[in-house]
Every structure is written in structure tokens, then in C-alpha cells.
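Peer 1: Please see the structure below; I have some questions.
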Amino acid sequence: MSIWRRIFSPGRAAETVDALRAKIERLRALLDRNNLVLELIAQATESLGGDLLFDFQYLRRFAAQLEDAVQHVVIDLNEITDHRYLALGDAFERIRAGVSEVLERRPSAPLTPYVLPLDEVDRDLSEAVGEKMACLGEIRRRLTCQVPDGFVITARACMRVFEEIRLNDHLQEVSEAPNDETPLARRVEARLSRLVLEGRIPGDIARAIRKALSQVAQGGGMPDLFAVRSSAIGEEKDLSFAGLHETCLGVPAADVPAAYQRVLASLFRAPAIVYQTKREEPWQQALMAVGCIRMVPARSSGVVYTLDPNDPQRDVLLVSAAPGLGRLVVEGGGRIDRFVMSRTLPYRVLSREIPRKDQMYRVDPQGGVRASPVPADRRDLPAVSDDFLVHLAEVALKIERYMKSAQDIEWAQDERGELVILQTRPLPLQAETPGIDRQAMTATQRHRVLLAGRGTIACRGIGYGRAVVVQGGEKPDDLPKDFVLVTRLSSPHLAELVPYANAVIADVGASTGHLATITREFRVPALVDVEIATRVLAEGPEITVDAEENVVYEGRVEELLQYQARRQSPFEDSREFRVLRRMLKRIAPLNLKDPQARNFAPRNCQTYHDVIRFAHEKAVEHFLEGRPLGPAAKGSHWAAVDMAVPLDLVVIDIGGGLEAPPAHLRCTPEQITCLPLRALLEGLNAPGAWRTEPAAMDLGSFLSSAVSAPPLADANRGLPAGNLAIASDHYLNLNLHLGYHFNQIDAFVCEDRNDNYIRFRFVGGLTEMARRLRRTKMIAIILERQDFVTDLSSDFLVARLKKFDRETMLQRMRMLGLLIGFTRQMDVQMRGDAMIADGVDEFLQAFHNTQLPS
């Protein structure tokens, strides 16, 4: 004990314990603010459902609350870590400025390259490439739909062009022309469209366009001909500029820069200015991204609506088709085929109109498009076959399910007969009729209820599919076309599956958790904290999840799904809704999902959610690695714990960790008032937990131990020597050095489940690496069975658990105590892989049979 008397002698400075206590209080504050930010994001996302009305005063208050909370999270992290993460402050300022730009409606463009290949585009980049091209890139990347090769000239390039021609100076002149009686929209078109057309494209943008053109040309297909089309920022999802902006077809590669200028100039067409004015959008701040995609030599083309916009209750698809290019379908002016199709397998054609078609449009090999007569043998025939229509319906409904709303999709059939998607956007529907709710609710009475009123709704909506039960962090290889993700834990490791799921159900979790936030980001209906879903749905039945009423039905409830597809909020077109949606793009998405990934760094934080995720992980990691200890962990508030097992544990009390000032610097486990430490010692002191018999060591183990040394000074892993616990009433930082291996635990347990977490680390052993690996694997499996998320690297294990209720967390701490005693020196016994499963079963049986306090 002399070493501890030297370290913790009363003569040492008492303020060191106060400094450590202050850091723990900072951690508590950080956790509270982290939860506040998640709650604010959840409330704002819920507001977009249309059930709550709000105005710009709410938006400004929302932005101010977020800014204050996130800023203090950054400050708390740096106070805890001695200013190690100052770069996070730079990320916060960048994101704050972006949110402010949206709220104050100042023009801005994300800092992206001037040109992006379509293969790199998805909806996360909609502020840079516009919603139209973002959706096209998304379905190409995520749904593997066939989409033409191409690239996007981004909003940043547009802003640079406008700066080059000094557009802002001319905007002011046009707006302040009191003696000009010409309507404003006409003045804007006359002055500003000409200004853009006569301007010069900056050299670096022109070079980027030429490079992208050459890369696309290498892919083969119709040589050097492109469709150059608008993708205005805010178009499609918030506003529909259909037909108001320029589209140039059959553009030779050499003419793409000029076509680009024509599309930019169409931002200032009079109809577009009138449209934005009526929608209360500031036309002066408009930006345009432009898509350049390879022309498709189309055998036929058309449009499919995944619902009838005038009568959504019919539950049908509407298909329009014409030979050649789709100009006659989109712009009118000629006869076209019309089909009405069923939305359910086998996607039958319910009715068809096949007129005589005399005219079609083709791509002119020299550039542009031209009208030509339909070949005589095709004039009276359908433009597409029934087999093609079935495939079109299947793909269209797949896009609808992914996009979570009815879609208006432009398509083409190429010369090989393959389906090519040219565009997809939300389909506006006629307001629903009052009878829809009653019809849906009546239908639910015919279906068996599997779950009702359990847990919490994390994201509202309705979804159907086969239940796919995922245990731990595993990701199934083969997923059905329609599936509901059912998981024990609401782990962010499953985030990549969320966009493909029709719904998500989690036994454990909170509506403020990361997975819940991701479901709202992708508008996937979700229930969390259901507790029994993995058990009730273990057989993988087909289910309908009603995350409006918190009910799970057996089978497919068609009326509910129809209601979901038709449902539209009457307020979604309001200016406040559009601004909130754009704000949330810079606030809610979670990009930093894996703390072990190389991109988990301040410079990669793109949203407030990223900032608090990074801060939370690094603050907890800082304590777990023992960095606050050092010379600061010296003072007079400590005691050695008298135990029946030879643990040699010393507790430093930093506030409420011990019952009273210890007599003679010693205490009993009963005098420990730190919740997580007391629970851990209850498990460790359980009968049979601490094995006292000597380990049976063979020659190989003996030789291995003879050349091994306990890894006392492994600074890279942050494992300080000695059995030391830093404890307050709710917080524990524990380092256990037991022979040749280490256990580390950092935990916070209180009444607020959102604050609760356990971090556990294990490393080392006595024997050769193969046996140590088996023991570590066994421990990982046991922890996964107890709801931990684990990461293994050789014989180094990291396990995490968070956001369970207080009693569950304490029970897991008791389990860890039992596990530490059970696995001590167990690596010696792990002579074969079969011992892993045997050890798991033996421990779980022992844990089940052990009488632990509750």
C-alpha cells in the first residue's frame, strides 16, 4: 500500500481533485446539451409532418437554440481535453454560417468542384447540384437504375459566372427603375438573360467542362451529343419549375458551354420570375446547377405517374408513351399512347389507348432534334410492349418506395430495348378526401395486430415488407425487395440499410438516438424502444408498420399504404416549410457514423449532428483513455476497497462516489455510492465469479508467458497501470490490471436514459496469441448478446452500450463484474475454437443462475 500513500498523500495539492471534478461536470453538461440538440432536431423534423404550424419566429428561435447548444458542446469538449479539438470550432462556424444563409435567405453554394461526375452525385449534394440531378444520381448509385452517363455543372460554378459578369450590380439597377413602366419580370428577362448570354465563362470552369465531356465520351454510345438541362437549386422538392427553364437536346460536345449559358440565362425568364414571386421566393438569389447527360437513341420514350394525381384513390399507375424521343409526351402537340396499370403484381394493363401516330422526334446526328414520320408499320402499334410496361411499373414503384412519395418519372427505351430513367421528381396530388381515413381504419380491422402501443414513434409514416431481423451489428447479405428492418439495437452501424428499408423497428433506443435521426432524414417510418419486436417477428412475417398510430399489422394493409402514398400536408408549399427543410439539410444528416473510420475528424463535420456526435465520442474517449488522470488525480478523497477478492482497488471520490470520508483510507463495497461501480463490484463479488484455482498451463502457454511482459506502458492504447477507479455518484472511470490483461470501463448511469453509456475495453493475456484471440472473441460474443456494440482488433476489444434505462445499465454493470472474474486467466483454457461457444454458453448460464441484486 506504500505506493498509494505516496501518490495520494494529504500533502499533495487538493485542487487536483477539484480540477478532475470540474471536467466531470463539463462531461455532464456536454451530454445534456448533446441530448438537447437531438431533441430539437427531432421536434423540427416532426414539424415537417404537417401536424404543427410554425412561422419564421419559430425558425429563428430554433436556429438560436441550436447554435447556443452546439457552440457550448464544442467549448465543453475543449475544456475536457485541454483544447485538443479547436478545429471543431472552425467546423461549427462554417455550419453556423450555412444555417444562417438559409434562414436569412442569402445566396450560397456549397464548396464543391465546379463539375461533378453523375456517379458521385446523390441527394446529400442537392444544394450543390439541384434536386433534379441529385435524385437522378441517387437512383443511379443506390437503386442501380440505368441512367445515362453524364456530369453536373454545380451551383458554385453558377455563382462564379454571376460574379464574373457582376450580376449583383445589374440586379440593383433592374429592381430600382422607378420610371420604367415595363413589368418587373419583363425588365429582368430583357436585361439579365442577355447579360448571361453575352458574358464569358471563366477559364477554369470551361476547362472543367471540357475535361468532363472527354471522360463521358470515352464511355461509348451516341458520339458527342448531350442533353443539357436545368437543375435549379430548390427545384422539384420544394418548388417545381417544370417547363420554365431551358432544356437543350442533341447538343454537340463543342456547343455544350454555349448551351450551359442558355440554361443559366433561363433563370431570368419572365415566367420563372413571376412563378418565384408568387411563391414568395427571392428570385434575386436564384442559383442554377446544370446537368449534362449523354443523349439516349430512344426507340420510345414517355412518362409514368406512380399514382393518378387527380384521383389517387384509384391506386393505379398512368403511363404515356410515344415512338422516339419524349417531346410529344412532355410538351404535347401529337398523338401518344396511354396505359392504366395495376400497382400490384403482376402489374396488369387495365386499359389502353393506342391512337394512330404519324409523327415522332429523333436525335439529329448533326445536333439537335428533328420531327420525322413514324414508319408506316409502327403507326398503329403500341410504342412499347406489355413486357416492357411490366418492367417499367416494377422500376417506377421501386423508385417511389425509395423516395417515399408518388413520383413523376421520365423514361426512355433505348435501341436495345432497355429501360433508361431520365428524371424523377415528386408528383403533386389532389388533396385527399375526408373518406380516406375512415376507409383505411376500417381495413385495419381485418388484419391481425402483432404489436400495438409499444415504444415510441421515431418517424411517422406507413411501410410494408417482410420483417428482416438483424442481431447486433450484422448486416444481411440478401435482402428482399420490400423489407422492414427489425433490430435489437438502434445502432448507427445499420444506417446504410435505412434508405432501402420500408420501415424500421428497434427493441431498444430513443427518438433522439442516431438511428432515429437517420430514419427521419430518409423519411423511413420507425418505431423504437419496442422491447419485444425481435422476438415477436423472429420468423420474418410480412407486416405493415403504421408509425402514425404505433401499430404493426400482419400482412399487407393495402388501404393504409394507399393512404401513405396520397398523404400530403397542406402546408408543405409554405415558405416556412421550405426554409426549414433547407435548414435541416445543414443540421440533421449524420455523416460521421463510425468513430473508428479515418474520416472521423472535425474537418469532415458537415452538420450540427456531426459536431455533437464527434464531441460526444471524443469526450468519452478522453476519460476512457485515462487522460484526465495524470497528476490531476492526486488528492485526499480516496480509499482502498476491502474485498473478498484480491483486486487491490483504490477509489478516488470526486463527488458522491463514497458514503463518507473514509476512515484510515479504507472502505467496504457497501460504502461505495457510485452507482456503476457498486453494481460492477456486486457482480465481481458474486459467488463463483472470481476463480481461485490456478490456471492449468501447458508448455506452450508457459513459454509464451515467459517471454511476455504485462503491457503496462502501452501509451498508444492509453492504459495506465494500477487498479484505479475515479468515481462520482453517477460516473465511473475504472482501470483494472489483472495479471497479464487489462479491463477498462468508463460509464455514466443516471435516471435520464439519454445520458447513459458504458464503454468497455479489454486487451492482453498470458498465453500465445491464438488462445488470447479465442478468449477475446468469446467476450465479444457475450457482450453482443447483452446488447453491446463491439469492435475487435487482434486481442484488443472495445464495446459500447448507451441509452438504456437506469436499471438495465446497472444490470449490465453487474454482468461486466461477473464477466471480468469469469474470464480471468481463461485464455489458458482456450485450446481450440470449440471452446469459444462452450465458454459463451457456460457464462450465460452462470449469469442466468447467479443471484445478483436488482
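Peer 1: Counting only residues that are crowded, with 19+ Cβ neighbours inside 10 Å, assigned to a strand (DSSP E or B) and among the aliphatic types (A, V, I, L, M), how many does region 319-345 have?
Peer 2: 4
Peer 1: Let me ask another. What tally of residues in region 811-832 results from selecting those that are charged (D, E, K, R) and at pLDDT 85 or above?
Peer 2: Adding up the residues that qualify gives 2.
Peer 1: Does Leu852 satisfy the criteria of being at pLDDT below 85 and not small (Gly, Ala, Ser)? Outline the logic, then answer.
Peer 2: Values: at pLDDT below 85: yes; not small (Gly, Ala, Ser): yes.
Yes; evaluated as a whole, the condition is true for this residue.
Peer 1: Go over the candidates Thr808, Thr790 one by one and state the one that is without any contact (Cβ under 8 Å) to a residue 40 or more places away in the chain and closer than 28 Å to His616 by Cβ.
Peer 2: Thr808
Peer 1: Quick one: is Val152 outside the structural domain of Asn34 (by TED's automatic domain parsing) and either crowded, with 17+ Cβ neighbours inside 10 Å or not in a helix (DSSP H, G or I) (or both)?
Peer 2: Values: outside the structural domain of Asn34 (by TED's automatic domain parsing): yes; either crowded, with 17+ Cβ neighbours inside 10 Å or not in a helix (DSSP H, G or I) (or both): yes.
Taking the combined requirement at face value, the residue satisfies it.
Peer 1: Restricting to region 103-132, and then to whatever is open to solvent by less than 20 Å² (accessible area, probe 1.4 Å), of a type in the set (A, V, I, L, M) and touching a residue at least 40 places away in the same chain (Cβ under 8 Å), can you tell me which residue is farthest from Gly203 (Cα to Cα)?
Peer 2: The residue in question is Leu103.
Peer 1: If you don't mind, another one. Contact list please: Cβ distance under 7 Å, first residue in region 584-601 and outside any loop (DSSP other than H, G, I, E, B), second residue surrounded by 15 or more Cβ atoms within 10 Å (Cβ to Cβ), pairs at least six apart or on different chains.
Peer 2: Filtered contacts from region 584-601: Leu584/Ala44; Leu584/Thr45; Lys585/Glu127.
Peer 1: In this structure, is Gln366 open to solvent by 40 Å² or more (accessible area, probe 1.4 Å) and in a helix (DSSP H, G or I)?
Peer 2: On the way: open to solvent by 40 Å² or more (accessible area, probe 1.4 Å): yes; in a helix (DSSP H, G or I): no.
No; evaluated as a whole, the condition is false for this residue.
Peer 1: Let me ask another. Every residue in region 758-810 that is of a type in the set (Phe, Trp, Tyr), at pLDDT 85 or above and more than 24 Å from the chain's Cα centre (by Cα), please. Full working, then the answer.
Peer 2: Taking region 758-810 and keeping what is of a type in the set (Phe, Trp, Tyr), we get 760, 762, 788, 796, 804.
Still in the running and at pLDDT 85 or above: 760, 762, 788, 804.
Scanning region 758-810 gives Phe760, Phe762.
Peer 1: Another question, if that's okay. So which strands (runs of 3 or more DSSP E) stay within region 722-835 end to end and still have 1 or more residues that are of a type in the set (Ser, Thr, Tyr)?
Peer 2: Details: elements: 724-727, 731-738, 741-748, 757-764, 789-793, 796-802.
So the answer is 731-738, 757-764, 789-793.
Peer 1: Taking the condition surrounded by 20 or more Cβ atoms within 10 Å (Cβ to Cβ) and in contact (Cβ under 8 Å) with a residue 60 or more places away in the chain, does Gly291 pass?
Peer 2: Here the answer is yes, as Gly291 does meet what is asked.
Peer 1: Determine the pairs where a residue that is without any contact (Cβ under 8 Å) to a residue 40 or more places away in the chain, located within region 80-99, has a partner that is in a loop (DSSP other than H, G, I, E, B) and among the polar types (S, T, N, Q) with Cβ atoms under 9 Å apart, the partner being 6 or more residues away or on another chain.
Peer 2: As it stands, the answer is Arg94/Gln606; Ala97/Ser108, since those pairs meet every condition given.
Peer 1: For Thr144, which of the numbered conditions (1) under 30 Å from Asn35 (Cβ atoms); (2) open to solvent by 70 Å² or more (accessible area, probe 1.4 Å); (3) not hydrophobic (A, V, I, L, M, F, W, C) fails to hold?
Peer 2: Thr144 satisfies all of (1) under 30 Å from Asn35 (Cβ atoms); (2) open to solvent by 70 Å² or more (accessible area, probe 1.4 Å); (3) not hydrophobic (A, V, I, L, M, F, W, C) except (1).
Peer 1: Further question: When only residues in region 533-558 that are surrounded by fewer than 24 Cβ atoms within 10 Å (Cβ to Cβ) and among the polar types (S, T, N, Q) count, which is farthest from Asp805 (Cα to Cα)?
Peer 2: Looking at residues that are surrounded by fewer than 24 Cβ atoms within 10 Å (Cβ to Cβ) and among the polar types (S, T, N, Q), I get Asn550.
Peer 1: If the requirement is being surrounded by 16 or more Cβ atoms within 10 Å (Cβ to Cβ), of a type in the set (A, V, I, L, M, F, W, C), at pLDDT below 90 and in contact with a Phe, Trp or Tyr (Cβ under 6 Å, 6 or more places away or on another chain), which of these qualifies: Ile41, Ile24? I'd like the intermediate steps shown before the answer.
Peer 2: Numbers: Ile41 fails: in contact with a Phe, Trp or Tyr (Cβ under 6 Å, 6 or more places away or on another chain).
Just a single option satisfies the conditions, and that option is Ile24.
Peer 1: Related question: Only one of these conditions is not met by Val530: (1) open to solvent by less than 40 Å² (accessible area, probe 1.4 Å); (2) modelled with pLDDT of 85 or more; (3) farther than 20 Å from Gly461 by Cα. Which number is it?
Peer 2: Val530 satisfies every listed condition except (3).
Peer 1: While we're on this one: Name the residues in region 756-798 that are among the β-branched types (Val, Ile, Thr), in contact with a Lys or Arg (Cβ under 8 Å, 6 or more places away or on another chain) and under 17 Å from Arg814 (Cβ atoms), would you?
Peer 2: Ile758
Peer 1: Now for a different question. I'd like to check something: does region 401-422 contain any residue that is assigned to a helix (DSSP H, G or I), open to solvent by less than 30 Å² (accessible area, probe 1.4 Å) and not aromatic (Phe, Trp, Tyr)? Before the answer, list the steps.
Peer 2: Taking region 401-422 as the starting set, the residues that turn out to be assigned to a helix (DSSP H, G or I) are 401-403.
Retained after the next criterion (residues that are open to solvent by less than 30 Å² (accessible area, probe 1.4 Å)): 402-403.
If we keep only those that are not aromatic (Phe, Trp, Tyr) too, we end up with 403.
Yes; the residues of region 401-422 include at least one that is assigned to a helix (DSSP H, G or I), open to solvent by less than 30 Å² (accessible area, probe 1.4 Å) and not aromatic (Phe, Trp, Tyr).
The values are calculated or read from the model by the stated rules, or taken from the named source; none is laboratory data. Not measured: the values here are computed from a predicted model. When we count neighbours, we look across all protein chains shown, and the Cβ atoms used for this are built from the backbone with ideal geometry, even at glycine. The area values use the complete protein model at the heavy-atom level, side chains included, leaving out ligands, DNA and RNA. Shrake-Rupley method; radii C 1.70, N 1.55, O 1.52, S 1.80 Å.
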